[in-house]
Amino acid sequence: MDRVVLLSLAGFGNAVLRALLESGTKPIALVTRKERFSYPYYHENNIETEAESNGIKIMYGADGENYIAKELPEILLMSTYHRILKPIVYSHCKYAINFHPSLLPRYKGASPIYWALRNGESKTGVTAHLITEKADVGDIVAQVEVPITDFDTQGTLRKKLALVTGKLAVDVLRLVKTNSVKPVSQNLTSSTSYPKVDDTTREIDPSWSTLEIERHLRALSPFPGAIRKGQIDQPIYLLSAQLNQHQPNDC
C-alpha cells in the first residue's frame, strides 16, 4: 500500500483524517500546526489528539515538510494547510494533491468560503488538484459541487465542505491506486482570485444594501465576525437571518 502523508489543519483535516481511516488508509504522518484555541467555526475535536489516538505521527510546519522530503512518501494529501510548499517537499511523490474549497479555477485564494457567501453564489465545491509551486493552479484531478443555501454561514458551509473533502480524498486515493488519475488543465481564462479576509474586509460598509450586509454577516459567522469601521474589538455575529424577497434593499 502506498504511504500517505496528510498536511492539514483542524476542521477539514479532521474530516479527511476520519474518512481515510474509515476507508482503511492510515497516514504515516500528519503535518499540522499548534493551535492556541479550539476550532472556532463549529464543534470539532483536536486534530492532534485524533491523530495520536490512531497512532499517527504528528509533526508541525517546516519540521514536517522536512520529514516528507526525507521519508519520501508516495502520496501527499493537503487540505487547508497554512504554508505554501516548496517543490523539494513534493516533487518526489507519486502524487501530491491539494483539496481547495471552491470550484477552481474560480475563487482561488485563502478565503474562498467567505467570498462565495459574500458574492451570493448558489454553489461552491471542492477541487482536488495537483500541487504546484504556484497555489491553486495545478491540473484538476476531481471536483465536487456543493449547493449554498440562503441560510448558510461560514460555519455551516465549512462543515459541509469538510465532509465532502473527506469523501473526495477517499475517492481520489481510489483513482490513484487503480491508476485512473487523469488530470485536466485548468481554464485559467475563466479564473477568479480573491484576497484573504483581513480586518478591513470585515468592515461593514454603510452604503451596502440589506442583502449585501446579510451576506457579509453570514460569511463571517460564527467567526471572526463582522465589524464596524474602527470597532475591531466589537465584532458582530449573525444569529438568525431571513430576508423577505419584497423587502427594500436600502437600509
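Does at least one position in the stretch 134-143 carry a residue that is surrounded by 22 or more Cβ atoms within 10 Å (Cβ to Cβ) and over 14 Å from the mean Cα position of the chain (by Cα)?
For the stretch 134-143, residues surrounded by 22 or more Cβ atoms within 10 Å (Cβ to Cβ) and over 14 Å from the mean Cα position of the chain (by Cα): present.
Restricting attention to the stretch 156-168, which residues are more than 12 Å from the chain's Cα centre (by Cα) and surrounded by 19 or more Cβ atoms within 10 Å (Cβ to Cβ)?
L168
Please indicate, with yes or no, whether at least one residue in the stretch 68-88 is at positive phi and of a type in the set (V, I, T).
yes
Take V126 and tell me if it is over 13 Å from the mean Cα position of the chain (by Cα), surrounded by 22 or more Cβ atoms within 10 Å (Cβ to Cβ) and either assigned by TED's automatic domain parsing to the domain that holds R215 or outside any loop (DSSP other than H, G, I, E, B) (or both).
No; evaluated as a whole, the condition is false for this residue.
Take residues that are of a type in the set (V, I, T) and over 17 Å from the mean Cα position of the chain (by Cα) and tell me which of the helices (runs of 4 or more DSSP H) falling wholly in the stretch 1-97 contain 2 or more.
87-90
For E50, state whether it is more than 30 Å from I213 (Cα to Cα), at pLDDT 95 or above and among the charged types (D, E, K, R).
yes
Residue-wise test of (1) in contact (Cβ under 8 Å) with a residue 40 or more places away in the chain; (2) aliphatic (A, V, I, L, M); (3) out of contact with any Pro (no Cβ under 6 Å at 6 or more places or on another chain).
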| position | (1), (2), (3) |
| --- | --- |
| L175 | no, yes, yes |
| N179 | no, no, yes |
| V184 | yes, yes, yes |
| T200 | no, no, yes |
| D205 | no, no, yes |
| A219 | yes, yes, yes |
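Please find, among R18, R36, the residue that is modelled with pLDDT under 95 and under 27 Å from P222 (Cβ atoms).
The match here is R36.
Do the conditions hold for T149, that is, is it closer than 19 Å to S102 by Cα, polar (S, T, N, Q), out of contact with any strand residue (DSSP E or B) (no Cβ under 8 Å at 6 or more places or on another chain) and assigned to a loop (DSSP other than H, G, I, E, B)?
Taking the combined requirement at face value, the residue satisfies it.
Taking only pairs six or more apart or across chains, which ones have beta-carbon atoms under 8 Å, a first residue in the stretch 53-75 that is touching a residue at least 24 places away in the same chain (Cβ under 8 Å), and a second residue that is in a helix (DSSP H, G or I) and among the acidic types (D, E)?
Note: pairs meeting the criteria are I58/E48; I58/E52.
If only one of I131, I68 is of a type in the set (A, V, I, L, M, F, W, C) and in contact with a Gly (Cβ under 7 Å, 6 or more places away or on another chain), which one is it?
Selected residue: I131, the only one of I131, I68 that is of a type in the set (A, V, I, L, M, F, W, C) and in contact with a Gly (Cβ under 7 Å, 6 or more places away or on another chain).
The values are calculated or read from the model by the stated rules, or taken from the named source; none is laboratory data. Just so you know, these numbers come straight off a predicted model, no measurement behind them. As a convention, Cβ positions derive from the backbone with ideal geometry for all residues, glycine included, and neighbour counts pool all protein chains shown.
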